[in-house]
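Step one of this worksheet: look at the structure below.
The values are calculated or read from the model by the stated rules, or taken from the named source; none is laboratory data. These numbers come from a predicted model, not from an experiment. Glycine also receives a Cβ, built like all others from the backbone with ideal geometry; neighbour counts cover every protein chain displayed. Remember, those area values only see protein heavy atoms, side chains included, never the ligands or the DNA or RNA. Shrake-Rupley method; radii C 1.70, N 1.55, O 1.52, S 1.80 Å.
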Amino acid sequence: MEFAKVELTFVDISDISSVRNAITSKTKLIWIETPTNPMMKLADIEGIVKVARESGQDIIVAVDNTFATPYNQRPLDLGADVVMHSLTKYMNGHSDAVMGCVAVNDPKLHERLRFLQNAMGAIPSAFDSYLVNRGLKTLHVRMERHERNAMAVSQFLEKHPRVARVHYPGLASHPQHELAKRQMRGFGGMLSFVINGGKKEADIFLKNLKIFCLAESLGGFESLAELPAVMTHASVPDAQRQKLGISDGLVRLSVGLEDAEDLIDDLKQSLEAAFKTD
């Protein structure tokens, strides 16, 4: 962001020491996403807030809470200054609105953001606001079903011989499962997994899905699947993708509200199709 004279430093937010070491005298904002997209890594929100405060600088800690939603994770309660949501996703829940929000608990910060919003005209339409408000009325019910289905799907995939790895915070095998239990109420409906083989097998797998739809979005009532390497993260240089773990065989799932057995059957038959020549 040289045009805006803003310097950016990318670090592994799952490693608090990396965050601490990246802070300089110029640091004004620490922006974290937890769980991350699409690797489902977690950031210790309280730990990062503590690092920011110990720096002695006026550093704002902002959290993208889109994957978790406020039903499953409350960053402001964990000390964060700002929480951002893509309301298009779970908060709306019906894939029919485009909207976002920023939440704060500091009156002065709220006043600054309100001024900027008014000055720039960054306001949602009345109809989008109506749609999101409608979706919020069932958020708690939907998130419980999303999580129940995602857990069933991840457990199935973890045992499947054609799957190398599953990334889902609700699994005991997730390296940050204890952190997830500590700072999250539930584990959400997003997960990713690595299919054996590579892009060829992943392509066949995605083309044979019947219930999961091929799409980049997430958080709606319907189950979606995508291949980050050529879809949501295609603009990331290959070397950087590999460093992040986003291989050609990594598939991301947004597990919806359908019957869990139907979803598992769909994944099973599609995995079989991807390797039917073996």
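Odds and ends about this structure:
- Residue tally, condition within 18 Å of H167 (Cα to Cα) and of a type in the set (S, T, N, Q), over region 195-216: 1
- Residue check, I32 out of contact with any Phe, Trp or Tyr (no Cβ under 7 Å at 6 or more places or on another chain), of a type in the set (A, V, I, L, M, F, W, C) and under 29 Å from S173 (Cβ atoms): yes
- Hey, I204 at pLDDT 95 or above and open to solvent by less than 30 Å² (accessible area, probe 1.4 Å) or not: no
- Scanning region 134-144 turns up one or more residues that are more than 26 Å from I60 (Cβ to Cβ) and not in a helix (DSSP H, G or I).
- Top-ranked residue of region 88-110 - restricted to ones that are surrounded by 11 or more Cβ atoms within 10 Å (Cβ to Cβ) and over 30 Å from G256 (Cβ atoms), ranked as nearest to the chain's Cα centre (by Cα): V104
- Considering (1) farther than 15 Å from D248 by Cβ; (2) open to solvent by less than 50 Å² (accessible area, probe 1.4 Å), the lone condition that I211 does not fulfil carries the number (2).
- Checked against the criteria, V11 counts as assigned to a loop (DSSP other than H, G, I, E, B) and surrounded by 13 or more Cβ atoms within 10 Å (Cβ to Cβ).
- Scanning region 188-203 for residues that are in contact with a Ser or Thr (Cβ under 9 Å, 6 or more places away or on another chain) and part of a loop (DSSP other than H, G, I, E, B) turns up G188, G189, G198.
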